[in-house]
Structures are given as structure tokens and as C-alpha cells.
1. Scan region B:43-68 residue by residue and report those that are surrounded by fewer than 18 Cβ atoms within 10 Å (Cβ to Cβ) and within 13 Å of another protein chain (Cβ to nearest Cβ).
2. For region B:149-187: of the residues being of a type in the set (S, T, N, Q) and surrounded by fewer than 20 Cβ atoms within 10 Å (Cβ to Cβ), which is modelled with the highest pLDDT?
3. Test A:A188 against the stated conditions and say whether it is over 30 Å from B:K76 (Cα atoms) and hydrophobic (A, V, I, L, M, F, W, C).
4. So the check is Cβ under 7 Å with 6+ separation or different chains; which pairs have a first residue in region B:29-42 that's within 14 Å of chain A (Cβ to nearest Cβ) and a second one that's more than 8 Å from ligand 2 (Cβ to nearest atom) and assigned to a loop (DSSP other than H, G, I, E, B)?
5. Are any residues in region B:2-12 buried (at least 22 other Cβ atoms within 10 Å of the Cβ) and away from ligand 2 (no atom under 16 Å from the Cβ), and if so, which ones?
6. If the Cβ limit is 6 Å and pairs must be 6+ apart or interchain, which residue in region A:84-104 that is polar (S, T, N, Q) pairs with which residue that is in a helix (DSSP H, G or I) and surrounded by 16 or more Cβ atoms within 10 Å (Cβ to Cβ)?
7. Which residue pairs have Cβ atoms closer than 7 Å, lie 6 or more positions apart in sequence or on different chains, and pair a first residue in region B:43-65 that is more than 13 Å from B:V81 (Cα to Cα) with a second residue that is of a type in the set (K, R) and within 16 Å of ligand 2 (Cβ to nearest atom)?
8. Mind listing just one residue for me: the one in region A:228-238 that is in a helix (DSSP H, G or I) and either of a type in the set (G, A, S) or under 23 Å from the mean Cα position of the chain (by Cα) (or both) and, of those, nearest to the other protein chains (Cβ to nearest Cβ)?
Amino acid sequence: MTTPAEAPLEAPELPYVDPVRRARARSKSRRDALVASVSTVLVFAVLGYLVTASPGWPKVQETFFNWDEAVAAWPTLIKAFVLNIKIFLVAEFFILILALLVALGRGLRAPAALPVRIICTAYVDFFRGVPTILVILLLGFGVPALQLQGLTNSPVVWGTVALILSYTAYVAEVYRAGIESIHPSQRAAARSLGLSSMQTTRYVVLPQAVRRVTPPLLNDFIALQKETALVSLLGPIEVLRAAQISASSNFNYTAYVVAALMFVAITLPLTRFTDWLQKRDARRRMAGAM
Amino acid sequence: MSLVDVSGVHKSFGSLRVLRGLDLQVDLHEVVVLIGASGSGKSTLLRCVNGLETVDAGEIRVDDIDVTSAAVDLDKVRRRVGIVFQQFNLFPHMSVLDNVTLGPRKVLGVNRRAAQDQARELLARFGLQDKAEDYPDRLSGGQQQRVAIVRALAMKPEVMLFDEVTSALDPLLVGEVLDVIRELKSEGMTIVMATHEMGFAQEVADRVCFLADGRVLEQGPPRQLFDAPQEEQTKAFLARVAAGRQSA
Ligand SMILES: Nc1ncnc2c1ncn2[C@@H]1O[C@H](COP(=O)(O)OP(=O)(O)O)[C@@H](O)[C@H]1O
Ligand SMILES: [Mg+2]
């Protein structure tokens, strides 16, 4: 509802571009889109032709890209893949919390906190150096061999614990880089208001640090998602193991391809999201620099 | 008794002796301006008063509490001493309102509603009422600096320290920040400020202190210090500042 008494709405100010230039820009962008589509279609058509025309193709198609095999293997594989996702989610939950504690522990400067700092540093140094696959083997086969009372022998549990130990070290370093990237003047400003050191970390440093390291954190998530397949070394039927069983039972490797596609399907959204975040941050930094 | 009493303070960074037995007393409601060459220790002195730096020797008392004693709870001292920096140092991830209410809520235990009401009132007093929901990067430098001042004021400090608060500003925006300081003076706030704005110093200062060699080399009412400096170093400094202004 508008009343005549109301002040006239101000027209939003549009950037002025003269009509000739605007037309020229429009036709150029149309031309660019056309060139891009044609060249893409052409390249993929040639590649597709080269692959399918090769003498070995029928055999490859039969063993790796067999539709019937894929359909047959699907139910088992997807059920097994649920285990991968469970391992990932549980591991990620603990990693996010433990890594933060380790990063904060390394950052403690009080003299009394020296032992904490030493432990956290040693932990990170060790687990960043040891290949994840070794940690999985050591824990998965080592701990059950100890035959300790009250400890589970479940390979899934120990595989997950190994992933947590390994990735906590990486993620702690990511957090630490973020914390150290916050300028000391932010800390000074918070302390000058009377906030304690802990409050300053909680309300001023961490929120900014976490925002800054979200892209590298997501990269580590993506890597972790793939590495859940390493738990197969300990025997549980996750997707890689399920594909292996399928492949060895009928000498057809289609199940591997299906498993691979499952990993891609689940990491792809995360990858794209990470790209988007990184681009957005870069844009913000540019804008801030001006 | 002075509200702020700095006596015999020494402070070094490595082998660089910045403060060498500095004395300074500031009375309640007094406005003291610190001048001196860049690197003469103005910022260091202000940061020591606020407890952001520890001193090597000497004593700083604020309202008769020894800031430099190991037993003192520095967080308690800091909430009574507001400081505003050259680079604003607003929290970029928080709205203006959250910047201003963080201290009262987390340190003084004021509840959110009350803290926000008080913050809006303060913001309105300094012409920032429609910026409450904005993030700092949407504000001009002058607006950011005024928010930083409001953030410090929200803690109801007994003394405000200003460290070259207009040096990072576009010349056109300096005035709006100086207006805020004028207003605080008129309300009787005790103020210690480091500045290169000699004209402003002359106008608002009850006393001007010239820092050199890690000490207050000369001090007095602005008229006396600017028009009839006694020390050679003071004369040289003032001449340099005047020359700089002409060439600018
Ligand atoms: N944290 C620090 N570490 C090392 N040197 C510092 C530090 N803070 C200040 N300084 C040095 O102390 C001297 C005095 O600095 P400052 O107090 O900032 O002077 P002013 O504010 O008068 O320009 C300068 O030479 C500066 O480089
Ligand atoms: Mg300074």
C-alpha cells in the first residue's frame, strides 16, 4: 500500500554502461559460452572414441564396467559403505574435539603448563610422522594380541581409534595455524576489557581462527573419508573389503569401480563446498585489502 | 592522592631501554596529553598502566591499587582502565552490539538484555545508533574508532587511555573522534592520551607531558609547554612538528 504522502522511493543506482559497450560485452559472453561448449563436447567425444575403439576395450568393459555386475554388487556394497560412513562420522567427532584440545595445549605459555605442552608437542610430532596405515595395523593387531581384560578386540573400534589418533595430529596443526594467525592486538583488545585469558581464547581468538581454517579442515575431512577404507586391512566388511570379496568370487572388478564412485559421490559435495569457501575468503580478503 | 600514579617505572624490550624511571601523576577529572617522538615510549607507558605490559621496575597505582604487584588481579584492574588503540582492534567476527556488550556480559556478569540496552544508549549518544547490527568492516574508520571508544566506555572505567586514536584515520574523519573525546572531558572523565594533534592537545589538555629519554622530560599547562618550552629537546621536537605541518 502506498500513500501519496510517502516520500518517493529512490531508484536504486545502477552502474552506467553505455549501450554499445553493453551490447559488445553481451555478444562476447555469448560467443565465449558457445566456444566453451563446443570444445568440451569435442574433447570428450574424441577421448570416448579413442578408448572404446581400442582393441582391448571390450575386455576392459566386461571386467571393469559391467552393468549387470554393478547391479548385482550394489546392495552388498552400499550396506558395507554405511560402515565407512559410520567410522568417518564417529572419528570426525572425536578428532574435532581432541585436536582442539591438543592445539590449545600446545599454545599454553604458563610455566606450570610445560608438561602439557611437551606431551601435546610430542604427540603431534609422532603421529604426523607415522603413516596412518601403520597406526591402523599396530593398534588393530597389536592391542588384541595383548589380551587385556575388558578391552574390546573389535577391529572396527581399533581401526577407528587409529584414524582418530592419526588425524587428530594433523587437525591440531591446522587449528594451531589458525590460532597463531590471529593478530596479538585482538588478544590485547580483549584483555584490556578485563576478559581472562581463557575467555579471550573462547570468545575472540577461536571463533576467528576456526573460520579462517575451515577450508583446510574440510580438506582433512575429505582425506579421512577416503582413508576409512584402510580399516579393511583389519578384516571388517567395509566397502573396499566387500568389493574385494565380490571381485575375487567372480574375477570381475566392477565392484571396485562402484566402490570408487561411492567415495567420489560422497566427497564431491565437500570438495565443491571447500572450493566455494576458499573463493569466498579470497574475495573477502581482496575487498578488505582495498 | 592521584588517580593514576606512575613512579620510577623502567621497561626494556631486550636491550632497548624504553622507559627509564618514568614518573607521572594524573588526578581525577584531569586530561593529560602525552607527546614525544615516535618510539619515545608513549604506547608502552599506556600499555603498562593497563597491565598489558609488565614493568621491569617501579610502581604503577590506579586508584591506589598497585597494578604492578604480582598479587593483583589484573583482570580486575583492566576493567577500570579503558584503553583505545590506534588500529581500533574491533572484533571483526562480531556485530557492533556484540563488540560493545562482550565485556559487560562476560566480565561484569550483566545479562544480555541489560547489556544491550546500555550499549544502545551509549551508541546513540555518539551518533552510532543505526550501526548496532553492522559488522566492523562495514563502518568507516571514524565510526570504527568511535565504536572502540564506546566498547571501552561500556565497562564504566574510571580512566580512559587513548593511544594515538586518530593517527590511522583519514584527515576528514579525525574530527568526529576528537568530538567524542571532548564530550568525555566535559563529563569529567579522567583521560590520558598520546597524540600528534597538537591543536587538539592545546584545546583539551589540562597538562601536556613531553616524553624523551624514557622519562617525562618536561610538563606543564599547554600554553606554557607549547609557547615557552624550557628544554632544548622539547623546543626541537615542537619545531619539527611545526615544520612537518607546514610541509604537509
Ligand atoms: N613488544 C615489543 N617488543 C619489542 N620492542 C617493542 C615492543 N613494543 C614497543 N617496542 C619498542 O619500544 C619503543 C617504544 O615504542 P612505543 O612505546 O610504541 O613508542 P611510541 O608509542 O612513543 O611511538 C620502540 O622502539 C618500539 O619499537
Ligand atoms: Mg605509539
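The values are calculated or read from the model by the stated rules, or taken from the named source; none is laboratory data. The structure displayed is predicted, hence computed values, not measured ones. All Cβ positions, even for glycine, are placed from backbone atoms using ideal geometry, and neighbour counts span all protein chains on display.
1. Residue satisfying the conditions is B:T54 alone.
2. Initial filter on region B:149-187 (of a type in the set (S, T, N, Q)): B:166-167, B:186.
Now drop any that are not surrounded by fewer than 20 Cβ atoms within 10 Å (Cβ to Cβ), which leaves B:167, B:186.
Numbers: B:S167: 90, B:S186: 94.
Top of the filtered list is B:S186.
3. Working: over 30 Å from B:K76 (Cα atoms): no; hydrophobic (A, V, I, L, M, F, W, C): yes.
Taking the combined requirement at face value, the residue does not satisfy it.
4. The qualifying pairs do not exist here.
5. Here is the first cut: in region B:2-12, the ones buried (at least 22 other Cβ atoms within 10 Å of the Cβ) are B:4, B:6, B:9, B:11.
B:V4, B:V6, B:V9, listed by residue number.
6. Close Cβ pairs satisfying both conditions: A:N84/A:T228; A:N84/A:V239.
7. Every condition considered, the pairs that remain are B:T44/B:K11; B:E53/B:K11; B:E53/B:R47; B:V55/B:K11; B:D56/B:K11.
8. So in region A:228-238, the residues in a helix (DSSP H, G or I) come out as A:228-234.
After this cut, where a residue has to be either of a type in the set (G, A, S) or under 23 Å from the mean Cα position of the chain (by Cα) (or both) as well, the list is A:228-233.
On the way: A:T228: 33, A:A229: 37, A:L230: 37, A:V231: 37, A:S232: 42, A:L233: 42 Å.
Checking each candidate, the answer is A:T228.
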